[in-house]
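Taken together, the values in this text are just the output of simple stated rules run on the coordinates, not laboratory data. Bear in mind that the values here come from a model prediction, so they are computed numbers and not experimental data. Cβ coordinates were reconstructed from backbone atoms using ideal geometry, including for glycine residues, and neighbour counts include every protein chain displayed.
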Amino acid sequence: MPFGPTIPEVDVLLHEPARLRVLALLAMVERADFMYLLRKTGLSRGNLSVQMSKLEAAGIVHLERELVDRRPRTTYFLSEAGLDALRDYKRTLLSLLEPFPD
Amino acid sequence: MANTQILTERDLFRSFWDDGLLDILTGMALLLAGVGWQSEIGALAVVQAPLWIVLWGPLRRLVVEPRAGFVRFSLARRKRITRGLAATLALGVGLFAVVVLAALVVRERGALPTLGQAVDGLPAVLVAVAAVLAGLLTGARRFHAYALGLVAGAAVTVVFALGPAFPLVVVALAVIAVGVTLLGRFLRAARAFREAS
């Protein structure tokens with residue numbers, strides 16, 4: 001058992017660079033489809049597909065399918081749990097880096 | 001140190017308008033308003049303007065979204081843009097119509113040729129006001145350049161008595177040219193992206 005305060009742990013699910021880029025993008029908008037995420041993150045199709053599956057399985061992002069002009073459209077958006085996780089992640093990073101000199 | 005550019009919501013929103021579609025439709029509305037002005041339609045030429053803007057949504061879904069993807073911005077952003085665009089449209093079309101009618105009345109009476117000549121520049125100035133607002137709302141600074149072009153065109157038309165349609169048609173052609181260039185660039189970039197991914 002650790003003695004006294006410890007260095008906070010970082011959420012490894014969010015800490016992965018590709019996933020963090022996707023989440024940062026989704027945090028800026030209400031929702032976006034796969035193509036938009038692909039274009040704006042610069043990730044490969046395969047990589048993005050894998051990361052979205054992991055985020056969806058963890059309940060960080062939700063997926064919604066709808067028909068627009070009789071064509072299917074699948075969009076991703078941050079879940080409430082995802083927003084909370086991002087807020088916690090930001091707090092953790094800030095507390096970790098706060099003592100670091102500018 | 002690496003030169004990194006941080007992507008912000010504002011940048012995302014600005015890039016949303018970079019495909020040139022809005023420019024082409026705006027240019028077409030302006031061109032038909034100018035051309036119609038010279039014909040017997042006169043002031044009624046303004047009525048067709050909103051129809052072009054209505055086409056933007058379906059055309060974006062057809063041409064842009066399959067290549068650039070779909071995004072929905074935050075509710076606050078969407079409310080701001082919807083309110084702003086509606087106000088811009090109402091202001092632009094409303095003022096335009098008022099000035100058109102005023103110009104027609106002045107011409108009909110034929111008593112104030114100097115004022116009539118000055119009024120010829122007003123439609124372009126009013127459209128320029130709408131262009132400034134559109135630029136502020138979309139973050140697309142080129143709309144401010146269009147506004148400058150319209151004001152310059154208005155000045156030229158007043159000085160040389162070229163008629164109210166002149167600045168509208170000239171700037172419309174420039175706006176369409178910019179739009180076509182942007183759309184071409186967008187389609188080429190989309191093709192390159194598809195081939196690379």
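Where the alpha-carbon atoms of segment A:30-94 are placed on the principal axes, they occupy 45, 25, 19 Å, in descending order. Residue by residue along B:60-71, Cβ atoms of other protein chains within 10 Å of the local Cβ number 5 on average. Here A:Arg19, A:Arg70 are placed in order of increasing Cβ neighbour count within 10 Å, fewest first, which gives A:Arg70, A:Arg19.
For segment B:19-196, a simple Cβ point-charge model (Lys and Arg +1, Asp and Glu -1, everything else neutral) yields a dipole of about 960 debye relative to the Cα centre.
Cα gyration tensor of chain B, axes a ≥ b ≥ c as square roots of the eigenvalues: rounded (a/c below 1.5), prolate (a/b > b/c) or oblate?
On the way: a/c = 2.26, a/b = 2.18, b/c = 1.04.
It comes out prolate by the Cα gyration axes.
Per-residue mean of other chain beta-carbon atoms within 10 angstrom of the beta-carbon, peptide A:24-34?
Numbers: counts 2, 4, 1, 1, 11, 8, 8, 5, 6, 6, 2.
Partner-chain Cβ atoms within 10 Å, mean over residues of A:24-34: 5.
Shown here: the protein assembly as shown, whose C-alpha atoms stretch 97, 46, 34 Å along the first, second and third principal axes, sorted largest to smallest.
Taken as Cα centroids, segment B:124-176 and segment A:25-70 sit 40 Å apart, rounded to the nearest whole angstrom. Among B:Thr82, B:Thr26, B:Thr157, the largest mean-square fluctuation in a Gaussian network model of chain B (Cα springs under 10 Å) belongs to B:Thr82. Report note on the peptides A:8-14, A:27-33, B:146-152: ranked by the mean count of other C-beta atoms within 10 Å, highest first, their order is B:146-152, A:27-33, A:8-14.
Given their separation in residues at 0.36 nm each and the Cα-Cα distance between them, A:Arg87 and A:Leu67 gain 4.0 nm when the chain is fully extended. Estimated from helical segments only, the mean residue ellipticity of chain A at 222 nm is -16500 deg cm²/dmol, where each DSSP H run of four or more residues counts as -39500 (n - 2.57). Straight-distance candidates among the aspartates and glutamates for linking to A:Lys90, with alpha-carbon spacing under 13 Å and chain neighbours fewer than 8 residues away dropped: A:Glu9, A:Asp11, A:Glu98.
At an R0 of 35 angstrom, the distance between the Cβ atoms of A:Val12 and B:Phe193 translates into a FRET efficiency of 0.70.
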